[in-house]
Amino acid sequence: MLLGVIADDLTGATDVALILAREGMKVVQTVGVPAAAAALPDADAVVVSLKSRTNAPDEAVAWSLAACEALLGAGAQQILFKYCSTFDSTDKGNIGPVTDALMHRLGARYTIACPAFPANGRSVFQGHLFIGSVLLSDSPMKDHPLTPMRDANLVRVLQPQTKLPVGLVPFATVEQGADAVRGAFEALAKDGPAIGVADAVTNEHLRTLGAAFAGEKLLTGGSGIALGLPENFRKKGMLSTKATDLTFTAPKGHTAILAGSCSVATRGQVADAKAKGVEAFEIDPIALAEKRLTAQHILDWAIPRLGAKPVLVYSTAEPDKVRAIQDRYGRDEAGAMVEHLLADVARGLATNGVRRLVVAGGETSGAVVAGLGVTMLEIGPEIDPGVPWTLAADGHPIALALKSGNFGTVDFFTKSLAMLG
Ligand code: ADP
């Protein structure tokens, strides 16, 4: 194994796994810390997906260190800590505390922090994160329920989260190439360990940053920062030049879509699928809380409809409706209630022959995959930037498209299923 990745959520893990696979690595994604290194299949990269983005920092650190040990135990030569391309975090973490702990464990003198992902409109310039053409702090992320991002200056955002000094490796340096970048990081770390936020506006910048970190123990960033890493190993003769074959044979069976994301993109995707005639069941969280709605009710509706066409079950709602539910039941409780329901529905659908399942929402995907008991995923073809089809790699006969809420074109649901033929 060459590269070990620790991802702070499931759909982010799938996203980085896809990038590495496209760049020619054989990649396996595990759900949670693998029980034993021996159980891991042969791979160039192993991506461990955690659910640690919004947990208490101590917990996120402990899980990340456990993942790091498992990856090192399996032979990883370099570790990448992968977080969201919108730098989702609070003053307490978890990007800073996890980075500190991993640097300490790996004895890294410096590391990079770069969430840029130009293919999805995330770029970093002069340390400021842009979402498309607007600053992070002017984007809808300013109102995120768990990690509101109200400052686009990543040096300023990261500094309170870490004991280490945070500096900037600016655009002009990145433009000069990998040697200049390495020089800038050396300068940042001249008086002791330090973290550098690096600018990147294009994939070329990300490849330069990757090249600058050849042989370094640790990188941190969005999935884009992985772009240049396989080439480092290829140059050393450790990776064959051949690109990985991402063709994919999905198991035959029924199809379904579960949407637990309330993000703008998912709201559009639910409306689009319904407009195209996909039969849909809307979850009423109040009925759920009052036990008038159970997974069995939804399965009783869905099972007779399973056939050539997909069915859609969604809790996706407009922000005012979500707020009303959160005010009534508590944000975390409301979220957990809907996540459990969708996990139970997923299990019931799989038992009744669903073999191709699209899931919208990062937390929702985590809950559904756990509910299905899937522990390992193989990466298949890309549907939209950052979202591949995956195949359960632990014997469960199911193909899964796990979509972070805001990813994907408006026709994502029907398009992804049509791709499988
Ligand atoms: P995203 O990727 O868009 O952030 P997630 O699945 O990560 O989506 O998060 C959405 C959260 O909102 C989940 O915890 C989900 O259970 C919760 N949720 C879904 N629908 C509703 C609703 N109608 N009211 C309140 N919370 C909801």
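The values are calculated or read from the model by the stated rules, or taken from the named source; none is laboratory data. These numbers come from a predicted model, not from an experiment. Backbone-built Cβ (ideal geometry, glycine too); neighbour counts: all protein chains shown. For the accessible areas, the whole protein counts, side chains as well, though only heavy atoms, and no ligand, DNA or RNA atoms are used. Shrake-Rupley method; radii C 1.70, N 1.55, O 1.52, S 1.80 Å.
Quick notes on this structure:
- Of the residues making up the range 384-408, those that are touching a Lys or Arg at 6+ places or on another chain (Cβ under 7 Å) and either of a type in the set (Phe, Trp, Tyr) or more than 22 Å from Tyr83 (Cβ to Cβ) (or both) are Pro397, Ile398, Ala399.
- Flag if Lys82 is under 24 Å from Glu216 (Cα atoms), among the basic types (Lys, Arg) and buried (at least 21 other Cβ atoms within 10 Å of the Cβ): yes
- Scanning the range 137-158 for residues that are in a helix (DSSP H, G or I) and within 16 Å of the ligand (Cβ to nearest atom) gives Pro140, Met141, Lys142, Asp143.
- Condition met for Pro381 (in contact with a strand residue (DSSP E or B) (Cβ under 7 Å, 6 or more places away or on another chain) and either open to solvent by less than 50 Å² (accessible area, probe 1.4 Å) or outside the structural domain of Ala13 (by TED's automatic domain parsing) (or both)): yes
- Contacts under 6 angstrom Cβ, first residue in the range 354-374 being within 25 Å of Gly307 (Cβ to Cβ), partner basic (Lys, Arg) and more than 15 Å from the ligand (Cβ to nearest atom), 6 or more apart: Gly371/Arg347
- Only one of Val181, Val124, Val98, Val174 that is farther than 30 Å from Gly75 by Cβ and either among the basic types (Lys, Arg) or in a helix (DSSP H, G or I) (or both): Val174
- Residue in the range 386-421 that is surrounded by the fewest Cβ atoms within 10 Å (Cβ to Cβ), counting only those that are in a strand (DSSP E or B) and within 13 Å of the chain's Cα centre (by Cα): Val387
- Residue identified as part of a strand (DSSP E or B), without any contact (Cβ under 8 Å) to a residue 40 or more places away in the chain and of a type in the set (A, V, I, L, M) among Ile379, Ile383: Ile383
- Helices (runs of 4 or more DSSP H) fully within the range 239-349 that include at least 2 residues being within 10 Å of the ligand (Cβ to nearest atom): 264-275, 285-289, 319-329.
- Qualifying residue in the range 400-412 (condition: away from the ligand (no atom under 15 Å from the Cβ), modelled with pLDDT of 95 or more, of a type in the set (Gly, Ala, Ser) and at negative phi): no
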